[in-house]
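All remarks here apply to the structure that follows.
The values are calculated or read from the model by the stated rules, or taken from the named source; none is laboratory data. Owing to the predicted nature of the structure, the values given are computational and were not obtained by experimental measurement. When we count neighbours, we look across all protein chains shown, and the Cβ atoms used for this are built from the backbone with ideal geometry, even at glycine. In case anyone asks, the SASA skips ligands and DNA or RNA and just uses the protein heavy atoms, side chains included. Shrake-Rupley method; radii C 1.70, N 1.55, O 1.52, S 1.80 Å.
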Amino acid sequence: MGQENKTQTWVREFILLGLSSDWKMQVFLFVLVLTMYLVTLVGNILILLLIRLDSRLHNPMYFFLSVLSFVDLCYSNSFAPQMLAHLLSARKSIPFYSCVLQLYISLALGGSEFFLLGAMAYDRYIAVCHPLHYTVIMHGQLCLGLASGCLVVGFANSLMETIITFRLPLCHSVINHFACETLAVLRLACVDVSFNKVMVAISGFLVIMLPCFLVLFSYVRIVAAILNIRSAQGRSKAFGTCASHLTVVCMCFGATIFTYLGPRSASSEEEEKMVALFYALVAPMLNPLIYSLRNKEVMAALQKVLEKF
């Protein structure tokens, strides 16, 4: 045990292997990541500004969307700047405490986003199934409480997982990843990590499956309510209010469940990199595009702002 503690003490920084060791590929990835990062910044900041400036978007649905955009911005910023720097660097190192902070922030924001999607599904359920009582049920205090609760649960879960991960004695300092990620760090441990893997599985179930069950429950009720609407125009309008959110839910939950709860393969480490890349850059970039291109109110707000300028 003394030797293990000594080994852990001497780990002052980690070396990240990144996505590729080929220089030409790294340059290509730099351009790709930079483009996606800039689109993410512009898209999410634009969503936040539109919701802030247009009074027609001051309702619970867009309040949750603004929180989701803010979380996506922070989540992307926890990965992308470091990735861009490392893609043009020969030595991809990260200090120990920066690695701890990155793991904590990314886990917290990722978990919070899943719960936010669950809260947004509940909002759509109330809007479709109880339209006459929507403003009474989804009042400001409830919306603020739901959003705050999502963040608190996400950050509390992340704190627990980060503590049990970095309390392990580490024998190595080379991480086969482009960022500090839980399973990648666990592979550096000198001791058996079965307990940690069980805790990660329990944490993943709570953070992923509980919001997923809430989403499924909400949309089962939503579909049943839509089918009871007699007019085709009414059904189309009711489903249109949920289409963007349902697209994002299928994209996020589908990728996570398939990767982390599906059968493991020999290439699991590379799969983990791809999933982390998806949540770090692709999802935060696509979310504002999905909500804007498929939403007439957002497009109308954008047109109104553009006309002013």
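Of the residues making up region 129-150, those that are among the aliphatic types (A, V, I, L, M), assigned to a helix (DSSP H, G or I) and open to solvent by less than 30 Å² (accessible area, probe 1.4 Å) number 1. No other residue among Val198, Val153, Val220 is within 24 Å of Glu113 (Cα to Cα) and buried (at least 18 other Cβ atoms within 10 Å of the Cβ) apart from Val153. Taking region 223-252 as the search range and keeping residues that are over 18 Å from Leu117 (Cβ atoms) and polar (S, T, N, Q), which one is modelled with the highest pLDDT? My answer is Asn228.
To keep it simple, each residue is scored yes or no on (1) modelled with pLDDT of 90 or more; (2) more than 17 Å from the chain's Cα centre (by Cα).
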site	(1), (2)
Ser112	yes, no
Gly118	yes, no
Tyr122	yes, yes
Val128	no, yes
Cys150	yes, no
His172	no, yes
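Within region 63-77, no residue satisfies the criterion of being open to solvent by less than 30 Å² (accessible area, probe 1.4 Å), free of Cβ contacts under 8 Å to residues at least 40 places away in the same chain and either farther than 12 Å from Leu116 by Cα or in a loop (DSSP other than H, G, I, E, B) (or both). If you scan region 79-115, which residues turn out to be without any contact (Cβ under 8 Å) to a residue 60 or more places away in the chain and crowded, with 21+ Cβ neighbours inside 10 Å? If the condition is that a residue be without any contact (Cβ under 8 Å) to a residue 60 or more places away in the chain and crowded, with 21+ Cβ neighbours inside 10 Å, then Ala108, Leu109, Ser112 are the ones that fit.
Return the pair list, or none, for Cβ contacts closer than 6 Å from residues in region 183-202 that are over 16 Å from Leu103 (Cα atoms) and at pLDDT below 85 to residues that are open to solvent by less than 20 Å² (accessible area, probe 1.4 Å) and of a type in the set (Val, Ile, Thr), at least 6 apart or on different chains. Listed by first residue and then by second, the contacts come to nothing, as the list is empty.
Quick check, is Asn176 modelled with pLDDT of 85 or more and crowded, with 20+ Cβ neighbours inside 10 Å? Here the answer is no, as Asn176 does not meet what is asked. Close contacts from region 269-281, counting a first residue that is in contact (Cβ under 8 Å) with a residue 40 or more places away in the chain and part of a helix (DSSP H, G or I) and a second that is buried (at least 16 other Cβ atoms within 10 Å of the Cβ) and acidic (Asp, Glu), with Cβ to Cβ under 9 Å and a gap of 6+ residues or different chains, come to Glu272/Glu181; Lys273/Glu181; Ala276/Glu181; Tyr279/Glu113.
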